[in-house]
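Structure first, commentary second.
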Amino acid sequence: MSRKGFMPGCSLPSYSPIGIEKTVKYLKSHYPELSGIQKCCGKPTKALGQVDKFEERFGSLLADIKACEVDEMIVACQSCMNVLKDSEEFKTTSLWALMPKLGLPKEVIGKAKNSDVVFSIHDSCSVRGMSDIHDGIRWILNELGYKTMEPEKTRETTRCCGFGGMIVPVNQELAEKVMKRRVSDFPTEHVVTYCAACRQSITLGDGKAWHILDLIWGDVVMKGSEPPEDTLSSPVKAWVNRYKSKGAIKKAING
Amino acid sequence: MKHNDVVNSIAKDIAENCQGAYDAYCQSTCPMHTDAIGYVNLIGEGKGEEALLKIREKLFLPGTLGRICAHPCESECKRNTEYKQPISIAMLKRYATDKFDDPKLWDLTKKTSTGKKVAIIGAGPAGAQASIELAREGHKVTIFEKLNVVGGMMHVGIPEYRLPRNIINHEYTYLEKLGVEIKLGVEIGKDIKFNELTDGYDAVIVANGAHKGNKIPTKGDDATGITTAAEYLREIALTHNSEIAGKSVLVIGGGDVAMDCARSSFRVGASTVNLVSLEKEKDLPASHHEQVGAKEEDVIFNCGYGTTEIISEDGKVTGVKLVECERIFDDSGNFNPSYTEKTLEISCDTIVFATGQIVEDATEGIVKQGRGGRYEKNNDTMETSVKNVFVAGDVAGSNTVIEAMALGRKAGLSVDRYLKGESLIEGRDFVKEGSFKTKLDLPLPEGHKDELRLEGEMLDGKIRKVTFKECDAGLTDDNALKEAQRCFKCECKKCLPECIMLTEYSEYPGDLFAKFLETGNFDPLVAYSCNMCNQCTLVCPEEFDFAKFFGAIRKDMVKANSGNSPLKGHNAINIHQKLGFSKLFTTKNKGGK
């Protein structure tokens with residue numbers, strides 16, 4: 001059997017240590033030999049055009065993957081998916097495409113069937129061509145029992161949340177316009193994403209957004225529920241969370 | 001900064017092939033390049049006054065053209081080429097004008113006086129347009145018009161039931177407001193010598209139109225009761241009467257002028273009107289709506305016949321002998337009709353030859369004339385071989401009002417340069433000074449449907465055929481809105497609604513990339529404002545890979561800036577990355593036993 005590894009990426013562990021912990025435990029229940037890695041894939045340097053730095057940083061991640069002898073990396077971040085997917089040394093699988101194959105834990109199936117919320121689904125533009133991920137997300141939401149609606153621009157025609165391309169630090173005004181425009185696309189008030197950065201963008205665009213891990217592992221969302229705190233907009237909270245996630249991975253993997 | 005191959009090749013491809021630069025089919029086909037797609041869509045958005053202002057950017061007589069323009073724009077409309085249901089562009093122009101035009105909105109700005117004087121012969125559409133171009137440039141313009149009315153053929157050729165005269169007169173007041181002087185009832189060569197104009201003015205534009213009828217020599221054509229379209233329509237236009245017309249009129253010709261003659265005949269007392277054309281009905285050159293109008297008014301069509309003889313009794317026309325025409329053009333494409341043996345005789349007491357018009361010289365032989373009396377000239381600049389004399393309109397080869405206007409504008413632009421001592425050629429794009437074929441090549445919009453064209457409310461044929469009152473009431477508010485909304489919006493700015501960045505930093509991508517190739521500079525802020533989401537590429541008919549370009553040029557920018565982004569804001573990413581790779585925040589756990 002091939003050795004599996006899991007890496008959550010950067011923004012997700014900065015957003016939800018509890019989500020990371022529960023996800024690693026869930027995966028480990030299916031793959032007892034699971035490896036866990038927390039490190040950036042280097043995508044930000046790639047997007048900036050820093051070729052040398054990207055090679056150095058991606059190389060550092062590859063070394064970790066090699067050290068763990070992983071044959072198949074399970075990723076929860078769409079940027080990681082794109083950066084890793086062409087590697088010939090291991091296979092890369094999206095967590096969202098994998099979950100339908102593994103099945104959700106019994107205790108979460110149908111948990112939201114009485115929710116009065118209708119979620120609009122926001123697909124990540126970086127994986128607009130990967131329909132197995134789109135299908136997986138819809139499968140998960142259906143298994144949980146949530147009602148959903150598709151915006152007009154969805155799946156392969158989805159629109160950017162405004163975060164992509166490293167524009168936020170240099171052209172915040174434009175990024176905000178893109179964020180608000182995407183929020184205006186949604187047919188319902190509640191939005192579900194599968195990228196923590198997308199969730200942050202939608203929040204900054206005055207939308208109410210949840211990450212799909214919030215829905216899988218957290219309380220059932222009802223109309224009166226407030227969306228989770230925007231921890232990514234607070235550097236201190238984000239780094240504290242990242243630190244906590246690191247500990248959670250270590251603990252869950254090593255027991 | 002030196003750029004890598006990916007940057008250069010993508011930029012070149014986009015700069016050269018982006019369809020954003022190409023005009024819509026309707027707009028490029030219009031000889032005046034009127035922004036039809038623009039005003040149609042403004043009407044569709046309920047912005048009537050803005051639509052009117054857009055029309056007036058190019059046309060000083062939108063109410064007139066809204067009624068009688070040959071509207072070549074509609075022939076090229078994608079809804080015509082695909083479904084034979086073109087947008088009623090001309091009628092929408094009329095709607096915007098009837099509803100929203102107000103002299104207070106007219107643009108009367110002009111440059112300070114140059115002290116130069118220009119004489120224009122003819123107050124038709126060509127002379128008027130030329131006068132506008134020149135007056136706006138600060139030149140003093142005087143128009144000499146032989147008739148006692150303005151508008152030329154629009155006033156004495158096009159029937160009043162299609163174009164009420166108060167509309168022409170009102171729209172021509174624009175010229176006066178602009179300071180153009182119009183002298184009516186002055187015939188050059190008779191009242192004033194041509195060389196008085198060439199001597200007394202800095203430049204002269206000859207635009208006196210083609211007002212002489214053309215009669216095809218036919219056996220028996222010396223009988224009485226025969227006239228030409230130009231003479232016939234002029235008399236009817238000025239008097240609402242025809243001395244020559246009897247009860248049974250036969251019109252020879254198949255174009256719009258023939259339709260005008262046929263339809264006007266009922267209005268001056270004819271009870272039977274026949275139309276004879278060499279062309280078969282499916283090949284008639286007349287506009288479709290004119291053919292329909294004529295049939296609704298009971299004109300009898302005899303298509304595909306040549307006239308072999310005019311029959312007369314006591315020197316007075318009593319009928320014509322016709323022979324069926326098999327082919328009009330020979331294998332080489334030359335006009336060379338061949339006939340069958342099938343013949344036909346039609347009785348009539350009046351014959352109108354609607355077979356073209358000829359130019360009558362207004363220059364006392366000074367400017368050389370060619371076929372049909374058209375003056376010889378430089379086709380690009382409208383200059384003649386005579387010093388300071390230019391030509392425009394039908395005397396220079398136009399066949400429709402809108403073409404005449406385009407030639408008027410062309411002559412006006414040339415005269416302005418001439419008066420300023422500038423080159424008549426340098427920097428001009430002559431292709432775009434008239435009708436041209438756009439390079440636009442777009443697929444039809446997704447999910448579109450074939451929808452019927454909406455037209456104006458017409459008076460019933462039986463009622464309108466005996467009155468000179470306008471027979472088309474135009475579009476209602478509701479229909480105008482619906483009709484405008486049928487527009488396919490054939491222009492390629494498809495990426496702009498998807499990409500806020502491209503919208504903010506360019507007119508269209510081709511423009512942005514052409515500037516880059518020209519200057520070698522690309523604003524780093526623009527390069528780093530791409531979200532790299534590829535939404536633009538998804539809708540681009542050329543599938544340009546913009547994100548790849550931005551990714552590639554960022555590499556050049558980083559290389560030129562010692563490994564770092566040229567934008568300070570990205571320093572935060574560097575710090576973020578250092579932390580993201582530090583031991584404090586990373587972990588690797590092999591797991592298992």
Which condition does residue B:332 not pass, out of (1) within 27 Å of residue B:223 (Cα to Cα); (2) exposed (fewer than 13 other Cβ atoms within 10 Å of the Cβ), if it passes all the others? (1)
If we keep just the residues of region B:180-202 that are without any contact (Cβ under 8 Å) to a residue 24 or more places away in the chain and under 17 Å from residue B:140 (Cβ atoms), which is most open to solvent (accessible area, probe 1.4 Å)? B:199
Residue A:155: touching a Ser or Thr at 6+ places or on another chain (Cβ under 9 Å), free of Cβ contacts under 8 Å to residues at least 40 places away in the same chain, open to solvent by 50 Å² or more (accessible area, probe 1.4 Å) and within 14 Å of another protein chain (Cβ to nearest Cβ), yes or no? yes
Within region A:172-190, track down each residue that is open to solvent by 20 Å² or more (accessible area, probe 1.4 Å) and facing another protein chain (nearest Cβ under 9 Å). A:172, A:177, A:181
Which residue, of B:104, B:84, is on the phi > 0 side of the Ramachandran plot and open to solvent by 20 Å² or more (accessible area, probe 1.4 Å)? B:84
If I ask for residues that are of a type in the set (Phe, Trp, Tyr) and closer than 11 Å to residue B:182 by Cα, which ones from region B:135-168 would you list? B:144
Residue A:231 being in contact (Cβ under 8 Å) with a residue 60 or more places away in the chain, among the hydroxyl-bearing types (Ser, Thr, Tyr), surrounded by fewer than 23 Cβ atoms within 10 Å (Cβ to Cβ) and more than 9 Å from chain B (Cβ to nearest Cβ): yes
Scan of region B:426-442 for residues that are under 14 Å from the mean Cα position of the chain (by Cα) and either in a loop (DSSP other than H, G, I, E, B) or free of Cβ contacts under 8 Å to residues at least 12 places away in the same chain (or both), ordered by number: B:431, B:434, B:435, B:436, B:437, B:438
Using the structure shown, decide if residue B:408 is crowded, with 18+ Cβ neighbours inside 10 Å, in contact with a Ser or Thr (Cβ under 9 Å, 6 or more places away or on another chain) and modelled with pLDDT under 95. no
Kindly provide the set of residues from region B:450-494 that are assigned to a loop (DSSP other than H, G, I, E, B), under 30 Å from residue B:510 (Cα atoms) and out of contact with any Asp or Glu (no Cβ under 7 Å at 6 or more places or on another chain), ordered by number. B:487, B:488, B:489, B:490, B:491, B:492, B:493, B:494
When restricted to B:564, B:479, B:571, B:521, the only residue open to solvent by less than 70 Å² (accessible area, probe 1.4 Å) and either more than 28 Å from the chain's Cα centre (by Cα) or within 13 Å of chain A (Cβ to nearest Cβ) (or both) is B:564
Do you know which residues across region B:542-551 are part of a helix (DSSP H, G or I) and either within 8 Å of another protein chain (Cβ to nearest Cβ) or farther than 15 Å from residue B:1 by Cβ (or both)? B:546, B:547, B:548, B:550, B:551
If you go through A:43, A:53, the only one that is of a type outside the set (Gly, Ala, Ser) and within 9 Å of chain B (Cβ to nearest Cβ) is A:53
Just checking, which of A:58, A:119 is open to solvent by 30 Å² or more (accessible area, probe 1.4 Å), of a type outside the set (Val, Ile, Thr) and either touching a residue at least 60 places away in the same chain (Cβ under 8 Å) or within 14 Å of another protein chain (Cβ to nearest Cβ) (or both)? A:58
Would it be correct to say that residue B:465 is surrounded by 17 or more Cβ atoms within 10 Å (Cβ to Cβ) and within 14 Å of chain A (Cβ to nearest Cβ)? no
Filtering region A:1-31 for residues that are within 25 Å of residue A:198 (Cβ to Cβ) and in a helix (DSSP H, G or I) leaves a count of 16
May I ask you to verify whether residue A:86 is without any contact (Cβ under 8 Å) to a residue 60 or more places away in the chain and either within 30 Å of residue B:565 (Cβ to Cβ) or among the basic types (Lys, Arg) (or both)? yes
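The values are calculated or read from the model by the stated rules, or taken from the named source; none is laboratory data. Keep in mind it's a predicted model, so treat the numbers as computed, not measured. No Cβ is skipped: glycine too gets one built from the backbone with ideal geometry, and neighbour counts run over all protein chains shown. Ligands, DNA and RNA are stripped out before the accessible areas are found, and what is left, the full protein with its side chains, is counted by its heavy atoms. Shrake-Rupley method; radii C 1.70, N 1.55, O 1.52, S 1.80 Å.
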